[in-house]
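The values are calculated or read from the model by the stated rules, or taken from the named source; none is laboratory data. Being a predicted model, the structure only gives us computed values, none of them experimental. With ideal geometry, Cβ positions are generated from the backbone for all residues, glycine too; neighbour counts draw on all protein chains shown. For accessibility, only protein heavy atoms count, side chains too; no ligands or nucleic acids. Shrake-Rupley method; radii C 1.70, N 1.55, O 1.52, S 1.80 Å.
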Number of protein chains: 2
Amino acid sequence: MVTTSNKSERVPSANLNRRVERSRHAVLTTAFELLSEGGVASFSVDEVARRSGVAKTTIYRHWPTREALVIDACSRMIAEQETPDTGSLEGDVTAILVEIAHLLPTANWSFVLPSIIDTAERNPEFAEIHSRIQRGHAAPLREVLQRAIGRGELSAYTDVSTIVAALLGPLFYRRWFSREPIDEQFVKAIIKRVLASL
Amino acid sequence: MVTTSNKSERVPSANLNRRVERSRHAVLTTAFELLSEGGVASFSVDEVARRSGVAKTTIYRHWPTREALVIDACSRMIAEQETPDTGSLEGDVTAILVEIAHLLPTANWSFVLPSIIDTAERNPEFAEIHSRIQRGHAAPLREVLQRAIGRGELSAYTDVSTIVAALLGPLFYRRWFSREPIDEQFVKAIIKRVLASL
DNA sequence: AAGATACGCTACGGTATCGTATCGTTAATT
DNA sequence: AATTAACGATACGATACCGTAGCGTATCTT
């Protein structure tokens with residue numbers, strides 16, 4: 001940036017940022033919470049102002065428009081998951097899917113995701129966000145599959161995308177479509193079927 | 001409330017119904033169209049009135065509230081699919097999945113479904129509708145699997161629900177989550193994997 | 001201590017929507 | 001032909017939301 005030297009290009013100081021950050025953080029937290037409850041559709045800046053205690057005028061000083069705030073709040077959902085390394089493909093895949101199965105009924109993002117998908121269906125900005133969230137979910141799985149290919153545990157010609165769909169699809173299906181419980185037995189059954197076919 | 005005399009029970013005549021049906025039909029058609037475009041969230045009675053040419057007052061004579069109309073329009077999406085009968089399980093499953101794969105990128109309901117799922121996440125009435133739509137999609141698959149069990153082609157202890165999730169999940173995953181194309185090669189790969197494990 | 005910066009509060013104007021009321025008109029019933 | 005039922009047009013009150021303006025206050029910077 002700029003040196004504080006001769007006259008100045010006014011670098012924002014730490015204290016100043018602390019103040020700005022306080023309201024920014026309060027707003028984003030509330031926004032995310034509101035999003036979890038009602039989805040993108042029922043999200044309103046007025047409500048965020050009411051709940052967070054931050055004045056609406058202040059909110060509009062940080063975000064130019066409602067949509068910008070929603071998008072910013074959505075980005076909070078891009079939660080990278082850690083990639084396990086058990087040594088075997090089956091171990092890795094099991095670890096990942098059990099974790100996801102555990103998160104699906106409870107995690108906040110699982111309530112918001114349909115709303116984002118819906119919005120993404122008609123709004124490119126949300127399509128981009130959805131794409132990032134999606135990649136985040138699939139990333140660990142892709143990695144352990146690639147590693148298995150590296151070890152020679154899988155053929156180098158394996159179609160990773162298909163396997164990912166075959167593994168994640170059934171879980172997501174149960175969470176949002178058939179709304180059946182996702183118990184460990186189910187997860188194991190899916191894994192067994194998919195891996196047996198490789 | 002007056003009896004029309006001793007004899008008749010004032011059955012609404014055909015002509016009267018014709019008139020009522022005309023507006024009912026116009027409204028429902030427009031409502032469904034509007035739903036396909038913008039989802040449940042952006043659905044408005046005023047817009048239906050504008051597009052359909054039916055006066056808003058008339059709409060409210062038939063549906064007590066906006067939500068009632070939306071729900072009624074959503075019900076139009078419960079499109080039963082026909083169940084094939086090729087003689088073999090693989091033939092039947094292939095026929096069903098290819099058909100779905102063909103519909104997923106184009107059919108109107110595929111644009112609205114995320115919106116319904118989102119709404120269903122917090123609204124019991126929509127949860128019920130979603131459940132019916134869902135059962136409609138899975139029904140043919142369940143049936144051909146049951147038939148296969150009947151023929152002895154599958155073990156009587158096969159968990160049908162798991163197989164359905166394993167087959168439909170990957171397709172839905174690609175349509176709404178990873179947004180990858182669903183070509184015939186992919187469908188065949190999924191079917192092969194799942195059926196090989198039985 | 002003095003000036004700059006971010007904030008809170010209240011109040012707008014504008015728009016969209018819901019659901020209702022009123023009243024005149026058209027179509028169907030008898 | 002007379003009556004009844006459904007419809008259309010307009011207007012309305014109520015509410016919620018967006019985004020902005022004005023102005024005073026608290027906090028930070030120097």
Out of (1) open to solvent by 20 Å² or more (accessible area, probe 1.4 Å); (2) within 9 Å of DNA strand D (Cβ to nearest atom), the odd one out for B:Ser42 is which? (2)
Is it true that A:Ala148 is surrounded by fewer than 22 Cβ atoms within 10 Å (Cβ to Cβ) and in a helix (DSSP H, G or I)? no
For the range B:85-96, enumerate the residues that are open to solvent by 40 Å² or more (accessible area, probe 1.4 Å) and either touching a helix residue (DSSP H, G or I) at 6+ places or on another chain (Cβ under 8 Å) or within 9 Å of chain A (Cβ to nearest Cβ) (or both). B:Asp85, B:Thr86, B:Glu90
Hits in the range B:102-125 - residues which are open to solvent by 50 Å² or more (accessible area, probe 1.4 Å) and without any contact (Cβ under 8 Å) to a residue 12 or more places away in the chain: B:His102, B:Thr106, B:Arg122, B:Pro124
If A:Val54 satisfies all but one of (1) among the hydrophobic types (A, V, I, L, M, F, W, C); (2) assigned to a helix (DSSP H, G or I); (3) more than 13 Å from chain B (Cβ to nearest Cβ); (4) within 16 Å of DNA strand D (Cβ to nearest atom), what's the number of the condition it fails? (2)
Inter-residue pairs, beta-carbon under 8 Å, first closer than 19 Å to B:Trp109 by Cβ and in the range B:38-49, second in a loop (DSSP other than H, G, I, E, B) and more than 14 Å from DNA strand D (Cβ to nearest atom), 6+ apart: B:Gly38/A:Arg122; B:Gly39/A:Glu121; B:Gly39/A:Arg122
Return a yes/no flag: does the range B:37-44 have any residue that is under 23 Å from the mean Cα position of the chain (by Cα) and away from DNA strand C (no atom under 13 Å from the Cβ). no
The range A:172-198: number of residues that are in a helix (DSSP H, G or I), farther than 23 Å from A:Ser88 by Cβ and either open to solvent by 30 Å² or more (accessible area, probe 1.4 Å) or more than 7 Å from every other protein chain (Cβ to nearest Cβ) (or both): 1
For B:Pro64, work out the one condition from (1) in contact with a helix residue (DSSP H, G or I) (Cβ under 9 Å, 6 or more places away or on another chain); (2) within 14 Å of DNA strand C (Cβ to nearest atom) it doesn't fulfil. (1)
Looking at (1) near DNA strand D (Cβ under 8 Å from one of its atoms); (2) modelled with pLDDT of 85 or more, find the lone condition where A:Phe32 falls short. (1)
Within the range A:66-80, can one find any residue that is within 13 Å of another protein chain (Cβ to nearest Cβ) and within 16 Å of DNA strand D (Cβ to nearest atom)? yes
Looking at B:Glu128, B:Glu80, B:Glu143, B:Glu99 in this structure, which one is modelled with pLDDT of 95 or more and either outside any helix (DSSP H, G or I) or buried (at least 16 other Cβ atoms within 10 Å of the Cβ) (or both)? B:Glu143
Yes or no: the range A:157-165 includes at least one residue that is of a type in the set (D, E, K, R), surrounded by 18 or more Cβ atoms within 10 Å (Cβ to Cβ) and modelled with pLDDT of 95 or more. no
Find all pairs meeting these conditions: Cβ atoms under 8 angstrom apart; at least six residues apart or on different chains; first residue within the range B:51-64 and on the phi > 0 side of the Ramachandran plot; second residue more than 6 Å from DNA strand D (Cβ to nearest atom). B:Gly53/B:Ala26
